[in-house]
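The values are calculated or read from the model by the stated rules, or taken from the named source; none is laboratory data. Please read these numbers as outputs of a predicted model, since none were measured by experiment. Here the Cβ positions follow ideal geometry from the backbone for every residue, glycine too, while neighbour counts run over all protein chains shown.
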Amino acid sequence: MMPQEALKKKVWAVIGATARTEKFGYKIYKHLRDHGYTVYPVNPNVTAIDGDVCYPSLRALPEVPQVVDFVVPERVGLEAVDECQQLGVEIAWLQPGADTSAVITKANDAGLAVITDCVLVQLK
């Protein structure tokens, strides 16, 4: 799947979202939100980002996202692939650093469409 196809999907989750404004987890979340996407921040260690509820897991979201953007280390990414598969998520967007060969392989094997790119570069 090409990045532009995924960007047409309007319901996203960002795993690894954070309230720390200098981090990519924050920048990606805010960028998607500012571009009109429904975007859910996911991080079990954060309760809110800019006043928005931050969810502890994908299962805790009020709806299943069409795209899950990964901004996490490999161990967390591998666990998140399982959650994506169980929920029927369509697309895993792996940010640079989250796009390890193990996560890519597992996501492909789980039937997810995998994109390895930076959403900040693709969504202008």
Return the residue satisfying two criteria in turn: it lies in the stretch 6-29 and is out of contact with any strand residue (DSSP E or B) (no Cβ under 8 Å at 6 or more places or on another chain) and farther than 17 Å from ILE91 by Cα, and of such residues it is surrounded by the fewest Cβ atoms within 10 Å (Cβ to Cβ).
-> GLU22
Inside the stretch 5-27, can you point out the residues that are within 14 Å of GLY97 (Cα to Cα) and either assigned to a loop (DSSP other than H, G, I, E, B) or touching a helix residue (DSSP H, G or I) at 6+ places or on another chain (Cβ under 9 Å) (or both)?
-> ILE15, GLY16, LYS23, PHE24
Sole exception among (1) surrounded by fewer than 18 Cβ atoms within 10 Å (Cβ to Cβ); (2) in contact with an Asp or Glu (Cβ under 7 Å, 6 or more places away or on another chain); (3) not aliphatic (A, V, I, L, M) for GLU63, by number = (2)
If you take the residues of the stretch 114-124 that are over 13 Å from the mean Cα position of the chain (by Cα) and surrounded by 13 or more Cβ atoms within 10 Å (Cβ to Cβ), which of them is modelled with the lowest pLDDT?
-> LEU123
So which residues in the stretch 67-104 are within 17 Å of GLY25 (Cα to Cα), out of contact with any Asp or Glu (no Cβ under 9 Å at 6 or more places or on another chain) and among the charged types (D, E, K, R)?
-> ASP69, GLU74, ARG75
Would you pick out the residues in the stretch 36-45 that are touching a strand residue (DSSP E or B) at 6+ places or on another chain (Cβ under 7 Å) and not in a strand (DSSP E or B)?
-> TYR37
Filter the stretch 77-116 for residues that are charged (D, E, K, R) and under 21 Å from ARG59 (Cα atoms) and give the result.
-> GLU79, ASP82, GLU83, GLU90, LYS106, ASP109
What number of residues within the stretch 40-76 satisfy the criterion of being in contact with a Ser or Thr (Cβ under 9 Å, 6 or more places away or on another chain) and either over 20 Å from ARG20 (Cβ atoms) or in contact (Cβ under 8 Å) with a residue 60 or more places away in the chain (or both)?
-> 3
Just one of the numbered conditions (1) within 20 Å of ALA110 (Cβ to Cβ); (2) outside any loop (DSSP other than H, G, I, E, B); (3) charged (D, E, K, R) is not true of ARG33; which one?
-> (1)
Does VAL89 fit the bill of being in contact with a helix residue (DSSP H, G or I) (Cβ under 6 Å, 6 or more places away or on another chain), aliphatic (A, V, I, L, M) and surrounded by 15 or more Cβ atoms within 10 Å (Cβ to Cβ)?
-> no
